[in-house]
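Notes follow once the structure below has been shown.
The values are calculated or read from the model by the stated rules, or taken from the named source; none is laboratory data. Model, not experiment: these values are computed from the prediction. Glycine also receives a Cβ, built like all others from the backbone with ideal geometry; neighbour counts cover every protein chain displayed.
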Amino acid sequence: MTSIVLRTIRPHVPSPAPDSEVDLGPPRIAVVTHQASDAHVQVARTLVTRFGMEAKALSDPDPARIAMAVRESHALVVIGAPTEELLSLTAVAEAIASMLPVVALCAESPPHRLPAGISFALAADDGPDHLAVALRALVARQRDVRLLQLDAATAMRFSGGLRREMETLHGELQLAASVQQEFLPRTLPTLGGMTSAALWRPAAFVSGDIYNSVRIDEHHLGLFVTDAVGHGMPAALLTLVIARSLQVKEIGEDSYRVLPPSESLARINAEMLQRSTRMTRFATAIYAVVDTRTHALSVSSAGHLPLLHARRGGLFEPVETQGGLLGVFKDEHFSQANIQLQPGDKVLLYSDGFEQAFSEQGQGASSPRLPNRRYLQVFNEFASLEDPQAFVDAITGRLEEERNMFPLVDDVTLLCSAWRP
């Protein structure tokens, strides 16, 4: 057979570094040809007798046996020009699929551009020494290739597990969001000319805010907003507990008493402290009761932003009350303020997410969203809208405009109630 010399598309064939040697025994080389000759038998014999390799000429016509023999080898030598036709051979396809190095031996000078999967191309114009050196280098390199394969497979398994965990978490969060929405009132009661509308927008899947409008009896309407300190699932769960803990009246044997807002908040505070463990949870809340016979409104706050009150045609003014956070002090006192509503008046109960919902004038998209009082300007901009739903729709539209530049950084909740005779 014509002597063989390695001619690669690289400047030289690197010898394997000492630390890259792996104790695999003699290199196992599979040799195959798609030409009508026994050249592959001669190459295999040379690699065995001269270089001490375990070379095997593959002449079996059974594709399955050829594939098995290639899989048990460290490298493949194929006799033939490195063309796309060569890639159709069973042995070559199996070697490429198994990420084994493939060396092509061709009679003429190999092309500068080799098909994907062919590691080297050699010309038959010199002895086989360079072939042996190239094969030993490739086999030694296989240790690193196997390690990379193992790392890739491990990474794929971990990424697959992580992806499944994320999909599971995503599904659970969506379910939690649906459950939380089911706790919101489907419709808000209308009583004694008092009509209400609400805006509830979580910053993520679930919200740390919740609201309610309660028909206490045929003459009293309760308005409630609470905001748990924190975000995510713990805050969402706490709001549900607080909403369920709101007591609006005390029932006796044959009568009942409508609880004033200060007493309702005090009872929530006492229940939270009774349930608290070493991991204390806090919340703010505001609760107002309207007597629809006289349209007198009383309101108490627990560390919450004050109720806003607007006369017909006027701007919103805060109704200040005093009271600490819920779940902090055992005997916390919650003061109570009283106002007399007039036809066309509106009141707003809202969460502190509005303090970061609207950017300051001239603030860029990259600027940090700091708490500000821009929301008061927005509220007053639509204060003349007498219908609570129209007011809420206007605020919602402004929030959507703002979200084109700034995503919500906190949950926002707004409960608007107005006396519309």
Practice task
Report the residue count in the stretch 121-152 for those that are over 42 Å from the mean Cα position of the chain (by Cα) and within 12 Å of Leu100 (Cα to Cα).
Solution key: 4
Problem - Residue within the stretch 216-235 that is part of a helix (DSSP H, G or I) and under 20 Å from Glu271 (Cβ atoms) present - result: yes
Practice task
May I ask you to verify whether Ser213 is outside any strand (DSSP E or B) and at negative phi?
Solution key: no
Problem - Number of the condition not met by Glu401 [criteria: (1) at pLDDT 90 or above; (2) outside any strand (DSSP E or B); (3) of a type in the set (D, E, K, R)] - result: (1)
Practice task
Scan the stretch 173-189 and give yes if some residue there is more than 25 Å from Gln247 (Cβ to Cβ), assigned by TED's automatic domain parsing to the domain that holds Lys346, in contact with a strand residue (DSSP E or B) (Cβ under 9 Å, 6 or more places away or on another chain) and not in a strand (DSSP E or B), otherwise no.
Solution key: no
Problem - Verdict on Met156 being within 24 Å of Ala93 (Cβ to Cβ), under 38 Å from the mean Cα position of the chain (by Cα) and not assigned by TED's automatic domain parsing to the domain that holds Ala75 - result: yes
Exercise for the section: Among the numbered conditions (1) in contact with a strand residue (DSSP E or B) (Cβ under 8 Å, 6 or more places away or on another chain); (2) closer than 28 Å to Ile268 by Cβ, tell me where Gly344 comes up short. Expected result: (2)
Handout entry: Matching residues, the stretch 56-78, being surrounded by 14 or more Cβ atoms within 10 Å (Cβ to Cβ) and not in a helix (DSSP H, G or I)
Key = Lys56, Ala57, Leu58, Ser73, His74, Ala75, Leu76, Val77, Val78
Practice task
Return yes or no: is Tyr256 in contact with a Leu (Cβ under 8 Å, 6 or more places away or on another chain) and hydroxyl-bearing (Ser, Thr, Tyr)?
Solution key: no
Fill in the blank from the handout: Screening Ala93, Ala152, Ala81, Ala140 for residues that are in a loop (DSSP other than H, G, I, E, B) and surrounded by fewer than 22 Cβ atoms within 10 Å (Cβ to Cβ) leaves only Ala81
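Quick one: which residue in Ala197, Ala177, Ala155 is of a type in the set (Gly, Ala, Ser) and closer than 21 Å to Pro407 by Cα? Walk me through it before giving the result.
Working: Ala197 fails: closer than 21 Å to Pro407 by Cα; Ala155 fails: closer than 21 Å to Pro407 by Cα.
Residue meeting the stated conditions: Ala177.
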Practice task
May I ask you to list the residues in the stretch 197-247 that are charged (D, E, K, R) and free of Cβ contacts under 8 Å to residues at least 24 places away in the same chain?
Solution key: Arg244
Handout entry: Of residues in the stretch 327-350 being more than 17 Å from Thr292 (Cα to Cα), in a loop (DSSP other than H, G, I, E, B) and hydrophobic (A, V, I, L, M, F, W, C), the one modelled with the highest pLDDT
Key = Phe334
Exercise for the section: Kindly check whether there is at least one residue in the stretch 159-170 that is farther than 25 Å from Trp419 by Cα and assigned by TED's automatic domain parsing to the domain that holds Leu305. Expected result: no
Completion exercise
Here the residues within the stretch 405-420 that are in a strand (DSSP E or B) and aliphatic (A, V, I, L, M) are Val412, Leu414, Leu415, Ala418
Problem - Among residues of the stretch 308-336, those that are small (Gly, Ala, Ser), more than 40 Å from the chain's Cα centre (by Cα) and within 21 Å of Thr413 (Cβ to Cβ), counted - result: 1
Practice task
Return the total of residues in the stretch 285-315 being over 20 Å from Ala243 (Cα atoms) and surrounded by 18 or more Cβ atoms within 10 Å (Cβ to Cβ).
Solution key: 6
Exercise for the section: State the number of residues belonging to the stretch 285-326 that are touching a residue at least 60 places away in the same chain (Cβ under 8 Å), under 23 Å from Asn380 (Cα atoms), part of a strand (DSSP E or B) and not hydrophobic (A, V, I, L, M, F, W, C). Expected result: 1
Problem - From Ala104, Ala132, residue being in a strand (DSSP E or B), modelled with pLDDT of 85 or more and under 19 Å from Thr33 (Cβ atoms) - result: Ala104
